[in-house]
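Read through the structure below, which is laid out as C-alpha cells, and then see the notes.
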Amino acid sequence: MSTDAPGPRRPDRSPPPRLRRLATLPVFFKLAGKPVVLVGGGDGAAWKAELLAATGADVHVIAPEPGEKLRSLLADIPSIRLSARRWSAADLANASLAVGDVEDEAEAEAFRAAARAAGVPVNLVDRPAFCDFQFGALVERSPLVIGISTDGASPVFGQEIRARIETLLPDGFRAWAQAAKSWRAEISGRNLAFRTRRRFWERFTRKAVAEPDRAPTAADLAELLAETDLPPQGATVMGSVVLVGAGPGDPELLTVKAVRALQSADVVLYDDLVSPLTLDAARREATKIAVGKRGYKPSCTQEDITALLVSLAREGKRVVRLKGGDPMIFGRAGEEIRGLRAAGVPVEIVPGVTAAAGAAASLGLSLTERDVARRVQFITAHARDGLLPSDLAWGALVDPRATTIVYMGVRTLAALSAKLLAEGMAPDTPAVLVERATWPEERRIRGVISTLPDLAASSSPSGPCLVLIGAALGGELLSPTVR
Ligand code: SAH
C-alpha cells in the first residue's frame, strides 16, 4: 500500500511525553523511632528540632551553647535530648538524617564531609549547596501531608503557595485523612474488585470535600459501603448543584468556599457576567459551559438552564452554577433552586460579593455615610418588557437620605432620571455609573442625576454597569480616575 493511499488512520506512534527534569524528588521519609542528629543551638535549630520530633524521631541535639528556645523545647519534648558540647564524627554513626545549623563555613563543610563519610543524608540550614535534602514548606493535615519546594529559588514564593493550598484544604481534612487510614484495613479485608475499591475512595473524597468540617463517623463508613455495594451499572449516584457567587469580577473577591466548590466541580455553568479570570479558578478538567443570559441578546432561556442543571446532576455530576456577584441578588436563583428541589437534586448556595459592594469598594465611598444616608436600596431598572418598571417605590427612591444602587439600569437610565426628577429628586443629587466594577477595565462616569444619562450615552459603555445615586456618592473618590 502506497503511503498516500486512503485507509484507516494509524495510531499515533509518537512516544509518550516524558517527565520533565525534576529539580528535586519529593519523598516522604518515615522517621518514627529513628535517630536524627542536629547540630546547632540557635532558633533555627530549635525549630528544626521541633519539626523532626513531630515525626517521632529521636532527636539528638549537639550544641555547646543551647539557646533559650531550644532549652524550653527540651523541657517539653522528651524525644529531644541535648549534648552540650561540640559535635564529633562519631555522633553521626547510625543516624538516619543529619541537620546542621552552624554559622562557620568551615564547620559546615566539615559536618557535611563527616555525614557523607558516615553515609548519612545531610541538610545544612541556609546552605543549599551543601544539602542532600531540603525541607519544603509544609501543609499539615496529618496523616495528609503536603510538602512544597522551589528548590531554593524563593522560599517566600513557596510559602505564598503554601498559604494558597492551606485555604483550599479545610482543617477538617485531617479527620477525614485519619478515617481513611483507620478504615483502610476494613476496606482491604473485603476483597473488593479494584474498580469497586476505587469507587469507594472516590465517594469518600467527595464526601470529605462536601462536608470537611464534620468528623466522619461509623455511619459514614456504613453508608459509603452500602453505596459501593450497589450494582455498578444503571444506578448512578445523584450529583449536586452549588450556586456560587462569583463576585463582581476580580477573582480575588471569590470566597474561599467558592474556590473550593470550583476546585471540585465536574461541570461549571457560567454567566456572561463572570470574568474570564474568575473562571480560571475552576478545576482545569471541569467542563465549562457558557449560559449567557444577557438582556437583549439571543441566549439560553432560564428553563433551558434549569433543565441542564437537573440533567447534569442526574448523571452524577458535581455542578457549579457560577453567577456574577451574589446568586441571591437579581440572579434568578429562586427559579433554579425550586427547579432543582422539585427534581430531588441537592442544592447548596455560596454567597458572593454583589456588584454594589464591589463598586463601593473601588470608589472608596461608604454607601451609608453617617448623617448623609440612612437607607441603601438595590433596585432593578429593567422590567420583563425591558422598560423601566412602573411599580418602583418612588417615594423611597427620592428620599434625600437614601443611597440607591441600580442594577441593569443603563438602557433605562434616561427614563429613570426623568422620572426621579419629576418625583421631586434634587437635580444636583450625585450619581455615578460604574462599568465593570473591580475588573482591570473598570470605568466610572461621575455626574449628577440630571446629567448622568447624557454623560453615559456619550461614553457608550459595553460591559455590565451599575448606577449609584444619592448624597453619599458626593464624597471624594479613592482614586480620582473618572473617565
Ligand atoms: N447577581 C449579581 C447581579 C446580576 S444582575 C450581583 O449580585 O452583582 C446583572 C447586573 O448586575 C448588571 O446588569 C449590572 O447592573 C450589575 N453588575 C454585575 N456585575 C457588575 C460589575 N462588575 N460592574 C458593574 N455592574 C455589575
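Of note:
- Matching option when the condition is in contact with a Leu (Cβ under 7 Å, 6 or more places away or on another chain), outside any loop (DSSP other than H, G, I, E, B) and either within 16 Å of the ligand (Cβ to nearest atom) or of a type in the set (A, V, I, L, M) (or both), among LEU388, LEU433, LEU455: LEU433
- Number of positions in region 267-278 that are in contact with a Lys or Arg (Cβ under 8 Å, 6 or more places away or on another chain), under 15 Å from LEU253 (Cβ atoms) and either among the β-branched types (Val, Ile, Thr) or away from the ligand (no atom under 14 Å from the Cβ) (or both): 1
- Selection within region 403-430 - assigned to a loop (DSSP other than H, G, I, E, B), touching a strand residue (DSSP E or B) at 6+ places or on another chain (Cβ under 7 Å) and within 16 Å of the ligand (Cβ to nearest atom): MET408, GLY409, VAL410
- Selected residue (only one of GLY56, GLY41 is surrounded by fewer than 17 Cβ atoms within 10 Å (Cβ to Cβ) and of a type outside the set (Lys, Arg)): GLY56
- Within the option set GLY463, GLY475, being under 22 Å from ALA357 (Cβ atoms), at pLDDT below 95 and near the ligand (Cβ under 10 Å from one of its atoms) holds for one residue only, GLY463.
- Near pairs, Cβ below 6 angstrom, 6+ apart or cross-chain, from region 308-331 (in contact (Cβ under 8 Å) with a residue 24 or more places away in the chain and hydrophobic (A, V, I, L, M, F, W, C)) to any residue that is part of a loop (DSSP other than H, G, I, E, B) and within 16 Å of the ligand (Cβ to nearest atom): LEU322/ALA246; LEU322/VAL274; ILE329/THR354
One line per residue, one yes/no per condition, for (1) at pLDDT 90 or above; (2) over 25 Å from PHE204 (Cα atoms); (3) surrounded by 15 or more Cβ atoms within 10 Å (Cβ to Cβ):
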residue: PRO143; (1), (2), (3): yes, no, no
residue: ILE146; (1), (2), (3): yes, no, yes
residue: SER154; (1), (2), (3): no, yes, no
residue: PHE157; (1), (2), (3): yes, yes, no
residue: ARG164; (1), (2), (3): no, no, no
residue: LEU168; (1), (2), (3): no, no, no
residue: ARG174; (1), (2), (3): yes, no, yes
residue: GLN178; (1), (2), (3): yes, no, yes
residue: SER182; (1), (2), (3): yes, no, no
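- Residue within region 393-402 that is over 24 Å from ALA246 (Cβ atoms), more than 16 Å from the ligand (Cβ to nearest atom) and without any contact (Cβ under 8 Å) to a residue 24 or more places away in the chain present: yes
- Every residue from region 264-294 that is not hydroxyl-bearing (Ser, Thr, Tyr) and not in a loop (DSSP other than H, G, I, E, B): VAL267, VAL268, LEU269, PRO276, LEU277, LEU279, LYS288, ILE289, ALA290
- Of note, ALA114 satisfies the criterion of being over 19 Å from LEU51 (Cα atoms) and touching a residue at least 24 places away in the same chain (Cβ under 8 Å).
- Note on region 436-452: residues that are of a type in the set (Val, Ile, Thr) and outside any strand (DSSP E or B) total 3.
- Considering region 99-201, the qualifying helices (runs of 4 or more DSSP H), each wholly inside and each with 2 or more residues that are touching a Gly at 6+ places or on another chain (Cβ under 9 Å) and not aliphatic (A, V, I, L, M), run over 105-117, 155-168.
- In region 369-385, residue farthest from MET328 (Cα to Cα) [restricted to those that are out of contact with any helix residue (DSSP H, G or I) (no Cβ under 7 Å at 6 or more places or on another chain) and in a loop (DSSP other than H, G, I, E, B)]: ASP371
- Only residues that are more than 13 Å from the ligand (Cβ to nearest atom) and assigned to a loop (DSSP other than H, G, I, E, B) were counted across region 347-368, and they come to 5.
The values are calculated or read from the model by the stated rules, or taken from the named source; none is laboratory data. In this text, all values refer to a predicted model and were calculated from it rather than measured experimentally. Methodologically, a virtual Cβ is constructed for each residue, glycine included, from the backbone with ideal geometry; neighbour enumeration extends over all protein chains shown.
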